[in-house]
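Below: the structure, in structure tokens.
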Amino acid sequence: MAPVKMDGPADDTMLSDGVGEEQRASGVLKGLECIAPLVRSVEETLEPIPTAVQGTIPSWIRGNLLRNGPGKFEFGNTHYNHWFDGMALLHQFKIQEGEVTYRSRFLQSDSYRKNSEKDRIMVSEFGTLALPDPCQNFFQRFLSRFEMIKPTDNASVSFVKYKGDYYVSTETNLMHKVDPETLASIEKVDWSKFVAVNGATAHPHCDPDGTVYNMGNSYGSKGALYNIVRVPPEKKDSTDSLQGATVLCSIMPANKSHPSYYHSFAMSENYVVFIEQPIKMDLLKIVTCKLRGKGLSEGIYWDPKQDTVFHLVDKKTGQASSVRYHTKAISTFHQINAFEEDGFLMLDMCCSEDGQAINNYLIQNLRKSGDALDQVYNEMTRVFPRRFVLPLGVTSDTPSNQNLNTRPDSLATCLKTGQDKVLCQHEDLHGDDLLDYGGLEFPQINYGQNNTRPYRYFYGCGFRHLVGDSLLKMDLKDKSLKVWQQQGFYPSEPVFVPSPDAVDEDQGVILSVVLTPSQDKGTFLLVLDAQTFEELGRANVPVNIPYGFHGTFNPTA
């Protein structure tokens, strides 16, 4: 079937895939395809293998598309419970002179090695508690329940970059430096050896000079703190990793024993924006999860009675603004962009009306079929792109209870409702046609040119399934969209690669790894013209690949 490419809403034939008008109007879908093959264990492909190219892949694209995600979901008779738990499988699509090779390698983490040696799950993950070693006697097994769970180094979420080196990361304090050419692990790096944090996100932000910002919690006798960390760009020698990292600012949670869970944060030119959302972590439950025989995920819950609060921290001074920007309870995993203009900070995010999605991505749910699969999907809340407008420079003289947003053509509102409190209401960054594609997640922009700056375009996956089933290009000028979609195929997070002599913001290509559960070895790397969203070419990969999370493009000479 030919891909669908369109501006604005599609006609029913292109869009429906057998879904009726009534189902689309209600947001309820029926007859979803089983995607179990996309969350099955696969073998690694250690040596580069050629792919079969259809169409044309521009010769100016030179580099590696690096992808990360789970690739092994069991050891022996023990199985992981949550999608986030699977062992990290690193992927490389090397693009050169219009040709593509593929290779993959399991991250040789301590977790992977220990599990492989015993052929059972030995290290606890987010949703899976490792059972006591059966070789221990009863007394040893009993005492092991009182031990704290050690953080995993199964860095399966993304590729990140510090001081010119590539790392794979999850949300614990442990990362692995990797060689982008071979995917081999070079060294394990522990954040807590350099700065007082117990973890870090897999979504840092980078300034043009190479300074990197990230966030991580710390836990002490007085409870939790949210910490903003700054890593300098200078590399003293080849062994340098996070040397020189400092805590820029620490923010106290609204409830120290129930801090918020966060997957990422936002950054503008002058501010780091932390989003304190009502996805909460019950620290007592987390600390005692081994004693109770429960996974870490059991300690995370959604509290819709609490506001979502935006905290602004000045990147130069490290001072947190006394003004807190509130909105109703929403959750966010990924931000699109943030920028300052005319005395306002625009904060663009992918938002949901509830925060229970993280608990829905159990492997058993992803492998369901028929009515059971439909039910899982239909009970989930969709994610949509939204903009919040935060007024800067709010003082005691700022008038209360009137809309402070003076930006023309902006529907967002912001009202000062009390001392150092501003209540914000979002505006949608989309038209009604996005409803037909199940909302948008995995947002990407032309990061090098437009991060922290005004921008016009962003890209993402449409979600008319539990994983992405379309690629979307959103135009903020008129809130129109372009779509690539092929029935029965599931694209990954789009990665924008600018063309060498680009003048326009969207001049370049979109790279996405596309999978299908209905064909053996039906995976391909898709290359779209980012301006027209038309397919330029695809590279068919002769191996099966599981659906992954995040990646990046590593340009080479």
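The values are calculated or read from the model by the stated rules, or taken from the named source; none is laboratory data. Being a predicted model, the structure only gives us computed values, none of them experimental. Ideal geometry is used to build each Cβ from the backbone, glycine not excepted, and the neighbour counts take in all protein chains shown. Heads up: the accessible areas ignore ligands, DNA and RNA and are worked out on the full protein's heavy atoms, side chains in. Shrake-Rupley method; radii C 1.70, N 1.55, O 1.52, S 1.80 Å.
Here are the numbers for this structure:
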{"item": "Cα lying deepest toward the dipole's positive end in the chain, options Leu392, Tyr325, Met281, charges on Cβ", "result": "Met281"}
{"item": "Region 298-337, relative contact order [Cα under 8 Å, separation at least 6], %", "result": "40"}
{"item": "In Å², nearest 10: area of Val272 left accessible to a 1.4 Å probe", "result": "0"}
{"item": "Of Pro259, Val247, Pro232, farthest towards positive along the dipole that unit charges on Lys, Arg, Asp, Glu beta carbons give region 212-268", "result": "Pro259"}
{"item": "Carbon and sulfur %, accessible surface of the chain computed with the full protein complex present, 1.4 Å", "result": "50"}
{"item": "Amide proton proximity set for Val100, modelled H, under 5 Å, gap of 5+", "result": "Thr51"}
{"item": "Mean Cα-pair separation over length for the chain, i.e. relative contact order, pairs under 8 Å, 6 or more apart, %", "result": "16"}
{"item": "Estimated dipole of the chain in Debye, rounded to 20 [Cβ of Lys and Arg +1, of Asp and Glu -1, Cα centre]", "result": "2000"}
{"item": "Where Rh is the Kirkwood radius over Cα pairs, Rg/Rh for region 321-477", "result": "1.03"}
{"item": "Dipole magnitude of region 177-321, debye to nearest 20 (Cβ charges: Lys/Arg +1, Asp/Glu -1, about Cα centre)", "result": "720"}
{"item": "Accessible area per residue, Å², the chain with all protein chains present, probe 1.4 Å", "result": "41"}
{"item": "Members of Lys416/Lys477; Lys193/Lys294; Lys94/Lys163; Lys163/Lys280 lying beyond 26 Å, as alpha-carbon distances in this model show", "result": "Lys416/Lys477; Lys193/Lys294; Lys163/Lys280"}
{"item": "Cα-based shape type of region 329-405, given that a ≥ b ≥ c are square roots of the gyration tensor eigenvalues and the cut on a/c is 1.5", "result": "prolate"}
{"item": "Whole-number percent relative contact order across region 200-343, with pairs defined as alpha carbons under 8 Å at least 6 apart", "result": "19"}
{"item": "Listed residues Pro454, Asn365, Ser111: farthest to the positive end of the dipole of the chain (Cβ charges)", "result": "Ser111"}
{"item": "Alpha-carbon centroids, region 174-203 and region 212-237: separation in whole Å", "result": "13"}
{"item": "Value of Rg to Rh for the chain (Rh from inverse mean 1/r over Cα pairs, i.e. Kirkwood)", "result": "0.94"}
{"item": "Helix-only mean residue ellipticity at 222 nm for the chain, each DSSP H run of n ≥ 4 adding -39500 (n - 2.57), per residue, nearest 500", "result": "-2000 deg cm²/dmol"}
{"item": "Calculated P(r) of region 445-557 - Cα pairs past 21 Å, %", "result": "36"}
{"item": "Cα centre as origin, Lys/Arg/Asp/Glu Cβ charges: region 478-553 dipole, Debye", "result": "400"}
